[in-house]
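See structure below.
The values are calculated or read from the model by the stated rules, or taken from the named source; none is laboratory data. Model, not experiment: these values are computed from the prediction. No Cβ is skipped: glycine too gets one built from the backbone with ideal geometry, and neighbour counts run over all protein chains shown. SASA here: full protein model, heavy atoms, side chains in, ligands and nucleic acids out. Shrake-Rupley method; radii C 1.70, N 1.55, O 1.52, S 1.80 Å.
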Amino acid sequence: MNMKLHHILTAACLLPVLATAQTFDFDMTQPQPAYTAEGGFGYDLLPAPSAKRPAEPFYFSVNVPDGNYRVTVVLGSKKRAGETTVRAENRRLMGENIVTQKGKTSTLTFTVNKRTPQIDEKTRVRIKEREKDYLTWDDKLTLEFNGAMPTVQSIHIERADDVPTVYLCGNSTVVDQNNEPWASWGQMITRWFDDGICISNHAESGLTARTFLGSGRLDKILTTLKKGDYVVCEFGHNDEKEKQPGDGAWYHYVYNLKIFVDKVRAKGATIIFCTPTQRRAFDDDQKTLKNTHGDFPDAMWSVAKRENVPVIDLNQMTKTFFETLGLENSKRALVHYPANTFPDQPQPLADNTHFNPYGAYEVAKCVVMGMKQLALPLVSHLRSDWQDFSPAQPDDWQTFKWAPAKNAEITKPDGN
């Protein structure tokens, strides 16, 4: 189906086709409509770009069934030089600061997982109130074009059911954070994989291994999980605070981790553990991090050794990362901002658990390095511009460049 001719067709004619189409083409040099549920595609959330506002970010959405989609965007303009950052759904980074000269183009291809909360005819994932506005859980595949001068010539979308999927399970350090300035490694790791791998992030702020299972999130994953896929689990931050009888690292935590192992392997997929990221909690020497996770990292290791589960030691890598940055500069990786940095923010933000875009970007690199150290087959799909990374030699926070989304929220995500 060629959407270049959509402007001479009625939305009523298009809707039945959109509902069953597997491939979509949009010529972004031609006028496109605003998104409506009836029309099924168009500019969304923000006003459409125009000659009067060429540097403003914009969103474009298409109504598609659940699944993985390969997206190819041709960036550039005959009229101006461009610099474009591409994100999908809940701020999943796909391409950053891509520069195009006037009259030149650059092509970026990636895969996006799109889903709704529906598990089967009778059951749904029990999403939180805060998630109901997430682009993650709606009927649309949404692309965000941001940057100093976003320029887009065309968008091609097609089904990609054949690619291995990496499912992410975890809490606020993993989730696709919806609003600036919060960010997590799960929405940054997408940047480093080509279109032969799809990342499906099911994490949510405040969750424990128990509440992840109880809300039906693993059940949702199991509906599409197949041989050759991966499930990555990072829990611990919130599990530490569960105080019911029998709770603790060595009972409820290891018990629930074993459920993940058994159910994932029953589908023929590979389970991977990530030990929990560190909190920025320096000891009295102001150089060394305290252990705020108690026995939980060791408990995860114990399950991994007993069940032969590969482990990415994010606990150790983020310890090195924070200690390398030091007491003051480590704030630059977290949500530490002076008052009035964001709208309606009269008080400073000082959060020692939740990452900002720079911190999340660096931790995502730690996860990729962990995957490489484990020699997982999926690392064959790393993009050509990937360079190996050490948390003892992090990128300079002063030169990190991020195109912020328009949606900002100073309310702290659930969990700590």
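Below are the figures for this structure:
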item: One residue from Leu225, Leu213, Leu218, Leu143 being hydrophobic (A, V, I, L, M, F, W, C), within 18 Å of the chain's Cα centre (by Cα) and over 30 Å from Ala81 (Cα atoms); result: Leu218
item: Residue ID - farthest from the chain's Cα centre (by Cα), chosen from residues in the range 251-268 that are of a type outside the set (D, E, K, R) and exposed (fewer than 13 other Cβ atoms within 10 Å of the Cβ); result: Tyr251
item: Of all residues making up the range 338-386, the number that are buried (at least 18 other Cβ atoms within 10 Å of the Cβ), more than 22 Å from Thr111 (Cα to Cα) and among the aromatic types (Phe, Trp, Tyr); result: 2
item: Some residue of the range 291-310 being open to solvent by less than 30 Å² (accessible area, probe 1.4 Å), assigned to a loop (DSSP other than H, G, I, E, B) and in contact with a helix residue (DSSP H, G or I) (Cβ under 8 Å, 6 or more places away or on another chain); result: yes
item: Given (1) among the aliphatic types (A, V, I, L, M); (2) farther than 22 Å from Leu382 by Cβ; (3) open to solvent by 40 Å² or more (accessible area, probe 1.4 Å), index of the condition Val99 fails; result: (2)
item: Yes/no for Phe321 being within 18 Å of Pro357 (Cα to Cα) and either open to solvent by less than 20 Å² (accessible area, probe 1.4 Å) or part of a strand (DSSP E or B) (or both); result: yes
item: Flag if Pro343 is touching a residue at least 40 places away in the same chain (Cβ under 8 Å) and out of contact with any Leu (no Cβ under 9 Å at 6 or more places or on another chain); result: yes
item: Residue list for the range 38-91, restricted to those being surrounded by 15 or more Cβ atoms within 10 Å (Cβ to Cβ) and hydroxyl-bearing (Ser, Thr, Tyr); result: Tyr43, Tyr59, Ser61, Tyr69, Thr72, Ser77, Thr84, Thr85
item: Selected residue (only one of Leu143, Leu168 is part of a strand (DSSP E or B), open to solvent by less than 10 Å² (accessible area, probe 1.4 Å), in contact with a strand residue (DSSP E or B) (Cβ under 7 Å, 6 or more places away or on another chain) and within 22 Å of Trp386 (Cβ to Cβ)); result: Leu168
